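The values are calculated or read from the model by the stated rules, or taken from the named source; none is laboratory data. On a predicted model such as this, the values are computed, not experimentally measured, just so you know. Methodologically, a virtual Cβ is constructed for each residue, glycine included, from the backbone with ideal geometry; neighbour enumeration extends over all protein chains shown.
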Amino acid sequence: MTSLLENANVRVQEPLTTRLGNLSVPLRRSAVSGGERTQVARDPLPQASPDKLDRPRDPGPKQMNLPGVVSRARSVPGGKRFTFDNFVVGPSNRFAYEAGWAVANDRRGAYSPLYLYGESGLGKSHLSGAMGHHIHGRKPTTQIIYTTAEEFVNEMVSGIRKKEMAAFKEKYRRRCDILFIEGVDFLIGKEKTQAELSHTLDHLSHLGKQIVLTALDPPYELPHMSDGLRSRLAGGLVVDIQPPDRETRQRILHHKAALEGVTLPEDVLALLASRISGSVRRLEGILINLVAKSSLLGRPIDLDLAQETIQSFQVEETQRVTIDGIQRLVAGQYHIQIDQLISRSRRRSICFPRQMGMYLCRRFTGESLDTIGRAFHRDHASVIHSIAVIERQIREKARVRREVGFLARKLGMDVSV
């Protein structure tokens with residue numbers, strides 16, 4: 001989260017701006033400076049403690065963006081933000097934090113591969129970045145590759161087309177000490193890439209290298225994944241990250257506000273933590289909205305402003321693709337009731353729309369198979385089967401391709417199928 005307010009108590013004429021998405025917005029210094037109701041401190045508050053365990057830590061050199069091993073590898077994400085010190089620990093993520101800390105300090109043992117899974121915005125990328133930065137700080141010569149499954153696929157396809165697979169294998173198998181791959185769900189149904197990744201993981205494991213993988217779902221719930229790759233993904237330490245509870249959400253908000261030099265009243269913190277649940281990303285979003293609204297409107301951060309911000313924030317979120325929205329759309333387009341859509345009926349007129357709904361939810365919402373299954377009153381196997389049915393029919397039937405494209409456009413997701 002970019003710095004929203006800098007030296008806000010000093011009245012000067014230079015314009016102050018903040019970034020909201022891709023928009024540069026001027027901030028009025030007078031809106032948050034002076035007076036008894038000042039909400040922004042001149043000096044940043046001490047960082048909220050993320051409930052760290054008592055252990056000596058070597059801070060090492062200043063953390064930085066890490067270069068990839070070659071030009072196509074991405075830098076470890078998050079810059080200075082994605083560190084262990086900035087990761088707020090609670091009951092929902094403590095095991096993942098401890099596993100990441102152990103890997104970053106060479107206490108690997110059976111922790112390779114380390115497989116982190118959970119819904120979007122819960123801190124998987126943060127922990128990956130923290131591990132990468134900490135390792136680089138301790139051992140700057142370590143060869144680290146951070147990539148996504150999609151980039152791995154694209155690089156492999158490029159290597160095949162250009163007849164450069166030897167260089168591809170050299171990079172991932174011999175010029176890599178630690179491999180981070182985000183979003184291995186992307187490999188679902190891609191048999192050749194799965195086979196190549198299996199061989200890569202085998203090679204790195206044999207050499208005692210560290211592997212860190214992330215996904216939305218645990219290995220045994222990934223559909224259309226080869227048994228060989230699935231067993232390799234599950235062959236190390238598999239760790240679940242759950243959404244933070246209310247207390248942890250409140251500490252996350254306090255911590256992130258403190259990093260920006262913003263003081264949030266306790267009643268505002270309590271309100272936001274109770275009303276905004278789910279991912280850490282949503283908490284960051286509401287905090288950005290609240291501080292920007294205070295600055296632009298010249299109002300103090302209090303309960304009234306927090307209530308207004310929550311209302312507008314939640315209205316905005318209703319415009320995003322959600323499971324409920326997909327269920328309403330699918331039911332309406334296929335002329336059935338939502339109760340029928342989520343019922344146990346096996347009639348073709350009900351079953352196909354239900355399968356379509358689960359496919360669209362998986363493709364466009366980022367929700368886990370477990371979450372989608374609960375919304376449709378189905379188990380994991382049923383969701384996986386439904387996704388497979390629609391994917392097969394997309395390949396085989398032009399009518400289904402047209403229907404998926406039509407529904408995707410209705411959701412504001414104008415994509416090819």
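Of everything in the stretch 260-276, what is buried (at least 18 other Cβ atoms within 10 Å of the Cβ) and under 21 Å from the mean Cα position of the chain (by Cα)? Give them in sequence order.
Selection gives 272, 273, 276.
Given the condition at pLDDT below 90, under 18 Å from the mean Cα position of the chain (by Cα), assigned to a helix (DSSP H, G or I) and not assigned by TED's automatic domain parsing to the domain that holds residue 362, answer yes or no: does some residue in the stretch 188-211 qualify?
Checked against the condition, which is being at pLDDT below 90, under 18 Å from the mean Cα position of the chain (by Cα), assigned to a helix (DSSP H, G or I) and not assigned by TED's automatic domain parsing to the domain that holds residue 362, the stretch 188-211 yields no hits at all.
Is one or more of the residues making up the stretch 210-220 in contact (Cβ under 8 Å) with a residue 24 or more places away in the chain, crowded, with 19+ Cβ neighbours inside 10 Å and among the small types (Gly, Ala, Ser)?
We begin by selecting, within the stretch 210-220, every residue in contact (Cβ under 8 Å) with a residue 24 or more places away in the chain; these are 210-219.
Cutting the leftovers down to crowded, with 19+ Cβ neighbours inside 10 Å gives us 210-219.
Now narrow it down to the ones that are among the small types (Gly, Ala, Ser): 215.
The answer is yes; a qualifying residue exists.
Would you say residue 248 is under 25 Å from residue 216 (Cβ atoms) and in a helix (DSSP H, G or I)? Quick ask: steps written out before the conclusion?
Details: under 25 Å from residue 216 (Cβ atoms): yes; in a helix (DSSP H, G or I): yes.
Yes: the conditions hold for residue 248.
Report, by residue number, each residue of the stretch 212-226 that is farther than 16 Å from residue 386 by Cα, more than 17 Å from the chain's Cα centre (by Cα) and part of a loop (DSSP other than H, G, I, E, B).
Here is the first cut: in the stretch 212-226, the ones farther than 16 Å from residue 386 by Cα are 212-220, 226.
Keeping just the survivors that are more than 17 Å from the chain's Cα centre (by Cα) gives 219-220, 226.
226, the sole residue that qualifies.
Filter the helices (runs of 4 or more DSSP H) completely within the stretch 93-179 down to those with at least 1 residues that are within 19 Å of the chain's Cα centre (by Cα) and over 13 Å from residue 214 (Cβ atoms). Don't jump to the end; show me each part of the working.
Details: elements: 94-104, 124-138, 149-161, 165-169.
Helices (runs of 4 or more DSSP H) meeting the threshold: 94-104, 124-138, 149-161.
Got a number for residues in the stretch 320-335 being closer than 18 Å to residue 411 by Cβ, without any contact (Cβ under 8 Å) to a residue 24 or more places away in the chain and in a loop (DSSP other than H, G, I, E, B)?
2
Just name the residue that is farthest from residue 229 (Cα to Cα) out of those in the stretch 144-184 that are among the acidic types (Asp, Glu) and in contact with a helix residue (DSSP H, G or I) (Cβ under 7 Å, 6 or more places away or on another chain).
Here is the first cut: in the stretch 144-184, the residues among the acidic types (Asp, Glu) are 150-151, 155, 164, 170, 177, 182.
Of the ones still in play, those that are also in contact with a helix residue (DSSP H, G or I) (Cβ under 7 Å, 6 or more places away or on another chain) are 150, 155, 182.
On the way: 150: 16, 155: 19, 182: 15 Å.
It comes out as 155.
Name the residue, out of 229, 233, that is touching a strand residue (DSSP E or B) at 6+ places or on another chain (Cβ under 9 Å), within 30 Å of residue 194 (Cβ to Cβ) and not assigned by TED's automatic domain parsing to the domain that holds residue 364. Explain how you work it out, then say what you get.
Details: 229 fails: touching a strand residue (DSSP E or B) at 6+ places or on another chain (Cβ under 9 Å).
The unique qualifying residue is 233.
Within the stretch 255-278, can you find the residues that are assigned to a helix (DSSP H, G or I) and farther than 20 Å from residue 299 by Cα? Full working, then the answer.
Within the stretch 255-278, the first condition is being assigned to a helix (DSSP H, G or I), and the residues that meet it are 255-259, 266-275.
Listed by number, the residues that qualify are 255, 256, 259, 273, 274, 275.
Could you please find all residues in the stretch 95-125 being modelled with pLDDT under 85, out of contact with any Ser or Thr (no Cβ under 8 Å at 6 or more places or on another chain) and under 21 Å from residue 234 (Cβ atoms)?
107, 108, 109, 110
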